[in-house]
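Undergrad: Below is the structure I would like to discuss, written out as C-alpha cells.
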C-alpha cells in the first residue's frame with residue numbers, strides 16, 4: 001500500500017519542496033563507478049573528489065540531468081528504482097543539504 005502523501009510532505013518542508021535543485025554554479029562533475037555500491041564524483045570546478053553511495057549518486061545524477069524539485073526527485077527515484085517512498089523522502093532533504101554544503105548542488109527559487 002502506498003504511503004499517504006501527507007506523511008511524505010511532512011518529511012520535506014514547504015520551502016525545500018518548491019526549490020529547484022541543480023548542479024551548483026561552477027561545478028562540473030566527472031563520474032567513475034567500479035561497482036553498483038559506490039561512485040566517485042570529481043568536481044572539476046573545486047578539485048574535490050567525493051565518494052557517494054549508490055542512492056546518493058543516483059540522486060545527484062538525476063539533479064545533474066534534470067534540475068527539479070525534491071518532490072520531483074523523490075518521485076523519479078521511487079519510480080526508477082522501486083524504492084519505498086517514505087524512506088526516500090526521509091533521505092532526500094538531508095542529502096540535498098549535504099550536496100549544497102559540498103558545492104555539488106544548490107536550490108534555486110522557482
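The values are calculated or read from the model by the stated rules, or taken from the named source; none is laboratory data. Quick caveat, the model's predicted, so the values are computed rather than measured. Counting neighbours? That spans all protein chains shown, and the Cβs are built from the backbone with ideal geometry, glycine included.
Undergrad: Taking the condition touching a helix residue (DSSP H, G or I) at 6+ places or on another chain (Cβ under 9 Å), modelled with pLDDT of 95 or more and surrounded by fewer than 17 Cβ atoms within 10 Å (Cβ to Cβ), does residue 22 pass?
TA: yes
Undergrad: Then there's this: Among the candidates 77, 73, 92, single out the residue that is assigned to a helix (DSSP H, G or I) and in contact (Cβ under 8 Å) with a residue 60 or more places away in the chain.
TA: Working: 77 fails: in contact (Cβ under 8 Å) with a residue 60 or more places away in the chain; 73 fails: in contact (Cβ under 8 Å) with a residue 60 or more places away in the chain.
Being assigned to a helix (DSSP H, G or I) and in contact (Cβ under 8 Å) with a residue 60 or more places away in the chain holds for just one of 77, 73, 92, which is 92.
Undergrad: Next up: Scan the range 58-71 residue by residue and report those that are farther than 11 Å from residue 99 by Cβ and out of contact with any helix residue (DSSP H, G or I) (no Cβ under 9 Å at 6 or more places or on another chain).
TA: Residues satisfying the conditions are 61, 65, 67.
Undergrad: May I ask you to verify whether residue 61 is surrounded by fewer than 19 Cβ atoms within 10 Å (Cβ to Cβ) and either in contact with a strand residue (DSSP E or B) (Cβ under 8 Å, 6 or more places away or on another chain) or not in a helix (DSSP H, G or I) (or both)?
TA: Criteria met by residue 61.
Undergrad: Let me ask something else. Please specify each residue of the range 68-98 satisfying the condition of being surrounded by 18 or more Cβ atoms within 10 Å (Cβ to Cβ) and over 19 Å from residue 37 (Cβ atoms).
TA: Listed by number, the residues that qualify are 70, 73, 74, 76, 78, 85, 89, 92, 96.
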